[in-house]
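A.B. asks: Just passing along the structure, written as structure tokens.
The values are calculated or read from the model by the stated rules, or taken from the named source; none is laboratory data. Just so we're clear, the structure is a prediction, and the values are computed from it rather than from any experiment. Here the Cβ positions follow ideal geometry from the backbone for every residue, glycine too, while neighbour counts run over all protein chains shown. The protein model used for the area step is the full one, side chains on, heavy atoms only, and it has no ligands, DNA or RNA in it. Shrake-Rupley method; radii C 1.70, N 1.55, O 1.52, S 1.80 Å.
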Amino acid sequence: MGRVDRAGLPVVTAPDWLGAAAFTTTRQGGSSVAPFDSLNLGAAAGDDAQAVARNRNRLAAALPGAPVWLRQVHGIHVHDADADTQPGTAEPEADAAVTTQARRVLAILTADCLPVVIAEAHGKALGAAHAGWRGLAGGVLEATLAALRQKCPDPVGWRAWIGPAIGPAAFEVGEEVRQAFVSVDAVAADAFQPRPGMPGKWLANLPALAERRLRLAGVEVVAQSGECTFSDTQAFFSYRRDGMTGRQATLAWLP
């Protein structure tokens, strides 16, 4: 797990024990110009469509097949990627996808939100989810696991990787966000620290909130990348930091 080069692109990789191959791109290695410089993979971010197409073609060299891109809406709908007859030709409205097919590439776009990859320990099923605080509180990770259990009813176990996202020192939220988690799980309060000098404002640890929900849902092994999209301006796009910006992608597939 860490930063490596994949087909000429700098990426952040998931642990080898995950049960699937997975990595998150950085903003480096593409052809988009500011403020989308340079490997923007988000087609709806406001970038030139041809530049995004070139960037996605550049990414293709690092993948075993066409990614299943989603039209993400901060919801909890899970797309069955095995129903796609021609992956890459359409973008279903969903914030997670699941598969049991080898080399079927799942794709999640982020620019501060969490990309979460969940795999059966022996590589029999795979899910990938986009989780901002709304989706996380709404249950997108639990919905992804439910879909995985339907496709793989006899798992050896579940493992997860939480990719680069906004870190706990940068994610300021209001009391309503804290209550969305604490009202259903008192222990979630541990993931919120008061913002000094700003009553009613909190610093939220989004990866920690995701890890707790994964473990409560039955995922035995969880790893966090430890990478903060907000603080690392050279490596990652960040909506909170820049407003208009690109999107990095997390790609995952079964071997």
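A.B. asks: Within the stretch 187-198, how many residues turn out to be under 16 Å from Arg213 (Cβ atoms) and open to solvent by less than 80 Å² (accessible area, probe 1.4 Å)?
C.D. replies: Summing the residues that are under 16 Å from Arg213 (Cβ atoms) and open to solvent by less than 80 Å² (accessible area, probe 1.4 Å) in the stretch 187-198 gives 5.
A.B. asks: Specify the residue that is most open to solvent (accessible area, probe 1.4 Å); the eligible residues are those in the stretch 159-184 that are under 20 Å from Glu142 (Cβ atoms) and β-branched (Val, Ile, Thr).
C.D. replies: Once the filter is applied, the top-ranked residue is Val184.
A.B. asks: Still on this structure, I have one more. Could you check the stretch 25-38 and list, in sequence order, the residues that are touching a residue at least 60 places away in the same chain (Cβ under 8 Å), touching a strand residue (DSSP E or B) at 6+ places or on another chain (Cβ under 9 Å) and open to solvent by 10 Å² or more (accessible area, probe 1.4 Å)?
C.D. replies: Arg27, Gln28
A.B. asks: Within the set of pairs 6 or more residues apart or between chains, which connect a residue that is closer than 22 Å to Gly30 by Cα inside the stretch 57-81 to a residue that is polar (S, T, N, Q) and not in a loop (DSSP other than H, G, I, E, B) with Cβ atoms less than 7 Å apart?
C.D. replies: Leu59/Thr25
A.B. asks: In the stretch 203-237, which residues are surrounded by fewer than 19 Cβ atoms within 10 Å (Cβ to Cβ) and in contact with a Gly (Cβ under 7 Å, 6 or more places away or on another chain)?
C.D. replies: Correct list: Glu220, Ser231.
A.B. asks: Considering the stretch 145-156 alone, what residues qualify as being part of a loop (DSSP other than H, G, I, E, B) and open to solvent by 10 Å² or more (accessible area, probe 1.4 Å)?
C.D. replies: Selection gives Pro153, Asp154, Pro155, Val156.
A.B. asks: Looking only at the stretch 72-92, how many residues end up being part of a loop (DSSP other than H, G, I, E, B) and either surrounded by fewer than 19 Cβ atoms within 10 Å (Cβ to Cβ) or modelled with pLDDT of 95 or more (or both)?
C.D. replies: The number of residues fulfilling the criteria is 14.
A.B. asks: Scan the stretch 244-255 for residues that are farther than 20 Å from Gln28 by Cβ and open to solvent by 30 Å² or more (accessible area, probe 1.4 Å) and jot them down.
C.D. replies: Pro255
A.B. asks: Same structure again: For the structure I just gave you, tell me whether Arg241 is among the basic types (Lys, Arg) and either under 17 Å from the mean Cα position of the chain (by Cα) or open to solvent by less than 50 Å² (accessible area, probe 1.4 Å) (or both).
C.D. replies: Answer is no for this residue.
A.B. asks: Could you check, for the stretch 192-207, whether at least one of its residues is under 18 Å from the mean Cα position of the chain (by Cα), in a helix (DSSP H, G or I) and either under 21 Å from Thr110 (Cβ atoms) or of a type outside the set (D, E, K, R) (or both)?
C.D. replies: yes
A.B. asks: Further question: Scan the stretch 121-134 for residues that are surrounded by 24 or more Cβ atoms within 10 Å (Cβ to Cβ) and out of contact with any helix residue (DSSP H, G or I) (no Cβ under 7 Å at 6 or more places or on another chain) and jot them down.
C.D. replies: Within the stretch 121-134, Leu126, Ala128, His130 qualify.
A.B. asks: Filter the stretch 149-191 for residues that are under 20 Å from the mean Cα position of the chain (by Cα) and of a type in the set (Gly, Ala, Ser) and give the result.
C.D. replies: Ala160, Gly163, Ala165, Gly167, Ala169, Ala170, Ala191 - these are the residues of the stretch 149-191 that are under 20 Å from the mean Cα position of the chain (by Cα) and of a type in the set (Gly, Ala, Ser).
A.B. asks: Out of the residues in the stretch 6-30 that are under 15 Å from Val52 (Cα atoms) and either part of a loop (DSSP other than H, G, I, E, B) or charged (D, E, K, R) (or both), which is nearest to the chain's Cα centre (by Cα)?
C.D. replies: Thr26
A.B. asks: Considering only the stretch 39-71, state which residues are among the small types (Gly, Ala, Ser), open to solvent by less than 50 Å² (accessible area, probe 1.4 Å) and assigned to a helix (DSSP H, G or I).
C.D. replies: Answer for the stretch 39-71, where residues must be among the small types (Gly, Ala, Ser), open to solvent by less than 50 Å² (accessible area, probe 1.4 Å) and assigned to a helix (DSSP H, G or I): Ala51, Ala53.
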